[in-house]
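**Q** Can you keep this structure in mind? I'll have questions shortly.
The values are calculated or read from the model by the stated rules, or taken from the named source; none is laboratory data. Just so you know, these numbers come straight off a predicted model, no measurement behind them. Glycine also receives a Cβ, built like all others from the backbone with ideal geometry; neighbour counts cover every protein chain displayed. Each accessible area value is taken on the protein alone, full model and side chains, heavy atoms only, with ligands, DNA and RNA left out. Shrake-Rupley method; radii C 1.70, N 1.55, O 1.52, S 1.80 Å.
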Amino acid sequence: MKRLLSLTLLLLLATPVAGQEDVAQQQAQLDKLSREIQQRQAKLSKAQVAKDGLQAELRRTDKAISDSAQALKGQQRALAKSEATLAELGQRQSELEASQRRQRDQLAAQVRTAWMSGGQDHTALLLGNDDPATLERMLVYYQYLNQARIDAIEALKATAAELASVISQQQQERDRQADLLRQQERERSRLAERQKERQTALAKLERQLQRDSNQLALMQEDREVLERAITEALEALARSATLDGLADSKGRLPWPTSGKVSKGFGSHREGQLKWNGWLMSAPAGREIKAISAGQVVFADWLRGFGLVVVVDHGEQYLSLYGHTQALLKQVGDDVKPGEVIALTGSSGGLRQPGLYFEIRHRGRAVDPKPYLKKG
């Protein structure tokens, strides 16, 4: 519009003065053009405000999805633990039931032996025996036999009590597991609602972007925002001297998640832009793991990249994970190789769920392929 205004002014200056009426007419045209320019500028400003509002709405829904996904992940871990507890209780129940059967068999054998021996009149045997040594041995024998019966009965009672306790614990654990499953279903419903909200916000944003002729400039701005965020994160946190970088691990680092690389490093993106990392396709909610030991220096929502986590590996090496569904680590957290740090998603406006992954050295993006194991 500025070029159009300048061109109009040049045309007006180049036109010979024909009279007061012509000058007034040209001035009126110039005033009209100025008003149109002001209206267009106001419309662009209003569109920018609306776009910023949609970005804020998208950020809010992405954060809500992240919270639900984290809660669902925690409930899945609790459910797995509950299932393990049930398995242990089941094993203990089997052991107690086997012990109970052995104790009953032992007690029955003792009763049978006593009954079979009951054919002899023990009183007569004892009274009719004049040998004191034999009499003493018989008394000790019957004392031992009686104590063995008492011990067997007590052991059987203790086993029955423990078995009843185990069965009670199993019922409590099953009730707890059922409650966890109900909580999971509620979280899944919340997640589905928030994803629906996100799709609505994303559709609004896409319609706005379609009307915006500066989409390429917006992508360039997003890249600059990312560059600044990384720079600020590195300045805010001093890198740990114990981290050795990634140079010595070339060709041996694990992939951040399992999935297909849909856009490779250096491939054409749009206009003059190229991809500075990998765009990987993966279903939402898949675990994202740190490729090496490091420290989280950035973990937040970032325009154009959604929920992003950046890990510092030392020696000026960074790894970046974008468009995630949920961030499971915070700034300052130390991470181990292979530790889960986020979940795959489509935050930040990604059309299909997946992961955007970068490796940077000395502030510049490098091809991840030489660093990772062959897929």
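**Q** Might you let me know whether the stretch 261-281 holds any residue that is closer than 20 Å to Arg60 by Cα, under 20 Å from the mean Cα position of the chain (by Cα), of a type in the set (Ser, Thr, Tyr) and modelled with pLDDT of 95 or more?
**A** Taking every residue of the stretch 261-281 in turn, none turns out to be closer than 20 Å to Arg60 by Cα, under 20 Å from the mean Cα position of the chain (by Cα), of a type in the set (Ser, Thr, Tyr) and modelled with pLDDT of 95 or more.
**Q** Can I ask one more? Which one of Ala98, Ala78 is aliphatic (A, V, I, L, M), open to solvent by less than 30 Å² (accessible area, probe 1.4 Å), more than 30 Å from Gly306 (Cα to Cα) and at pLDDT 75 or above?
**A** Ala98
**Q** If a residue has to be open to solvent by less than 20 Å² (accessible area, probe 1.4 Å), within 18 Å of the chain's Cα centre (by Cα) and either farther than 25 Å from Ile65 by Cα or not hydrophobic (A, V, I, L, M, F, W, C) (or both) to count, how many in the stretch 295-319 make the cut?
**A** 2
**Q** Ok, one more. So Pro337 fits all but one of (1) over 13 Å from Ile291 (Cβ atoms); (2) touching a strand residue (DSSP E or B) at 6+ places or on another chain (Cβ under 9 Å); (3) surrounded by fewer than 22 Cβ atoms within 10 Å (Cβ to Cβ); what number is the exception?
**A** Against the list (1) over 13 Å from Ile291 (Cβ atoms); (2) touching a strand residue (DSSP E or B) at 6+ places or on another chain (Cβ under 9 Å); (3) surrounded by fewer than 22 Cβ atoms within 10 Å (Cβ to Cβ), Pro337 comes up short only on (1).
**Q** Would you pick out the residues in the stretch 320-333 that are open to solvent by 10 Å² or more (accessible area, probe 1.4 Å) and in contact (Cβ under 8 Å) with a residue 60 or more places away in the chain?
**A** Gln325, Leu327, Leu328, Val331, Gly332
**Q** Could you figure out which of (1) modelled with pLDDT under 70; (2) basic (Lys, Arg); (3) open to solvent by 80 Å² or more (accessible area, probe 1.4 Å) isn't true of Arg223?
**A** Just one mismatch for Arg223, condition (3).
**Q** Something else: List pairs: first in the stretch 277-298 and touching a residue at least 60 places away in the same chain (Cβ under 8 Å), second open to solvent by less than 40 Å² (accessible area, probe 1.4 Å) and among the basic types (Lys, Arg), Cβ under 9 Å, 6+ apart or cross-chain?
**A** Note: pairs meeting the criteria are Gly277/Arg360; Gly285/Lys73.
**Q** Still on this structure: Quick check on Ala164: is it more than 17 Å from Arg102 (Cβ to Cβ), small (Gly, Ala, Ser), modelled with pLDDT of 75 or more and loosely packed, with under 12 Cβ neighbours inside 10 Å?
**A** Yes.
**Q** Quick one: in the stretch 284-294, which of the residues that are open to solvent by less than 10 Å² (accessible area, probe 1.4 Å) and in a strand (DSSP E or B) is modelled with the lowest pLDDT?
**A** Here the answer is Gly294.
**Q** Any residue in the stretch 155-171 that is in contact (Cβ under 8 Å) with a residue 40 or more places away in the chain and closer than 13 Å to Ser94 by Cβ sitting within a Cβ distance under 8 Å of a residue that is in a helix (DSSP H, G or I) and open to solvent by 60 Å² or more (accessible area, probe 1.4 Å)? List the pairs, counting only those 6 or more apart or interchain.
**A** Leu163/Glu97; Val166/Arg92
**Q** Among residues belonging to the stretch 234-256 that are more than 25 Å from Glu287 (Cα to Cα) and among the hydroxyl-bearing types (Ser, Thr, Tyr), point out the one that is modelled with the highest pLDDT.
**A** Thr242
**Q** Just need a number here: residues in the stretch 259-283 that are out of contact with any strand residue (DSSP E or B) (no Cβ under 9 Å at 6 or more places or on another chain) and not in a strand (DSSP E or B).
**A** Counting residues in the stretch 259-283 that are out of contact with any strand residue (DSSP E or B) (no Cβ under 9 Å at 6 or more places or on another chain) and not in a strand (DSSP E or B) gives 2.
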